[in-house]
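Take a look at the structure below.
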């Protein structure tokens, strides 16, 4: 996407924004704001308007619906359809690619085997990342280097690989476009985050199925959390379940809207902007018994080799920085690879015991 000549035409006045926010009625909105990214191909005035909208979203929400992204609806339908076919396979075919066999945390996880805040998530899933070879590991190499390596693909559904990789390439493109737009909305050069993506960005993608649960059971599909990367691009099927926590602690639903993705910013952007950009807490509930919900999140991440910089924002934006919100039991690290490994060890203790016992 060409964002040349896309610049902020009005200064961001943090005091005015705060005053305006205090006058807004404290009513939970029907859903998150929507951003049509195709407007960035419009006039200078149109691009500037998008910058202002996105700047406010980044500070207030960190979550929004994205339209105008250019991903072929046929590919969207295909990736959902092939994901459903995978989850319909016999248990033995799914367990062929069980994550427990992957030091790189790739592959299939049964419902209840992944943890969020120490509690089991009621969803089954397959994790993918960059399609790559495992590097040689030498003495003294950082432990996160062991997370680099191949994806696992089921022999019972060979078409899954081609579809996932085509879809992954498209949402990577969308994520990079959004990241450039974020940079310009903050008054920075569109390539300000590019060094974080070298030698290659991480491309973590999950296909998810939330089985139905009895209403008397815990409703946690995935527990309250923030995403750890830069940009998340979420494809939802037809059944709602996602909700996002506002700054005042209330929750707003984010149901599926056809033709859109739900986009949110992750902890690496919160770190890089000292809290000007929000990485909001969100969660998903399990559907009622007899139903199932599907979703496909894609997490655009920084290269594991890098360190998250602190971007020196414009003075009018810097005044609105809030600092980084961290959990004392799960502190954020500026070393990208170390931060990634820490999160995976917490989420998948079975894989941690099998392949990282030396770190426990």
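Some notes on this structure:
- Any hit, region 92-106, residues being modelled with pLDDT under 95, within 17 Å of residue 298 (Cα to Cα) and either in a loop (DSSP other than H, G, I, E, B) or touching a helix residue (DSSP H, G or I) at 6+ places or on another chain (Cβ under 7 Å) (or both): no
- Candidates 114, 124, 131 - the one that is surrounded by fewer than 16 Cβ atoms within 10 Å (Cβ to Cβ) and at negative phi: 131
- All conditions but one from (1) buried (at least 16 other Cβ atoms within 10 Å of the Cβ); (2) within 20 Å of residue 33 (Cβ to Cβ) apply to residue 250; the one that does not is (1).
- Residue 266 meets the conditions (1) in contact (Cβ under 8 Å) with a residue 60 or more places away in the chain; (2) surrounded by 20 or more Cβ atoms within 10 Å (Cβ to Cβ) in every case but one. The failed one is (1).
- Any hit, region 291-305, residues being within 30 Å of residue 76 (Cα to Cα), surrounded by fewer than 22 Cβ atoms within 10 Å (Cβ to Cβ), over 21 Å from the mean Cα position of the chain (by Cα) and modelled with pLDDT of 95 or more: yes
- A count restricted to region 40-70 and to residues that are assigned to a helix (DSSP H, G or I), within 18 Å of the chain's Cα centre (by Cα) and under 25 Å from residue 166 (Cβ atoms) stands at 0.
- Note on region 235-257: residues that are in a loop (DSSP other than H, G, I, E, B), under 21 Å from residue 277 (Cα atoms) and in contact with a strand residue (DSSP E or B) (Cβ under 9 Å, 6 or more places away or on another chain) amount to 2.
- Any chance residue 321 is more than 27 Å from residue 125 (Cα to Cα) and assigned to a helix (DSSP H, G or I): no
- Residues (part of a helix (DSSP H, G or I) and touching a strand residue (DSSP E or B) at 6+ places or on another chain (Cβ under 9 Å)) located in region 171-205: 171, 172, 174, 175, 176, 178, 179, 181, 182, 196, 197
- Residue 141 vs. criteria surrounded by 16 or more Cβ atoms within 10 Å (Cβ to Cβ) and either in contact with a strand residue (DSSP E or B) (Cβ under 9 Å, 6 or more places away or on another chain) or farther than 23 Å from residue 76 by Cα (or both): no
- Test: residue in region 71-89 that is in a loop (DSSP other than H, G, I, E, B), over 23 Å from residue 150 (Cα atoms) and within 20 Å of the chain's Cα centre (by Cα): yes
- Subset of region 236-246 [in contact (Cβ under 8 Å) with a residue 40 or more places away in the chain and over 18 Å from the mean Cα position of the chain (by Cα)]: 239
- Within region 59-81, residues that are free of Cβ contacts under 8 Å to residues at least 40 places away in the same chain reach partners that are part of a strand (DSSP E or B) and surrounded by fewer than 19 Cβ atoms within 10 Å (Cβ to Cβ) with beta carbons closer than 9 Å, at six or more positions or on different chains, in the pairs 68/36.
- Count of residues meeting criterion [surrounded by fewer than 20 Cβ atoms within 10 Å (Cβ to Cβ) and touching a helix residue (DSSP H, G or I) at 6+ places or on another chain (Cβ under 8 Å)] in region 164-175: 2
The values are calculated or read from the model by the stated rules, or taken from the named source; none is laboratory data. All figures in this text were calculated on a predicted structure; none of them were measured in a lab. All Cβ positions, even for glycine, are placed from backbone atoms using ideal geometry, and neighbour counts span all protein chains on display.
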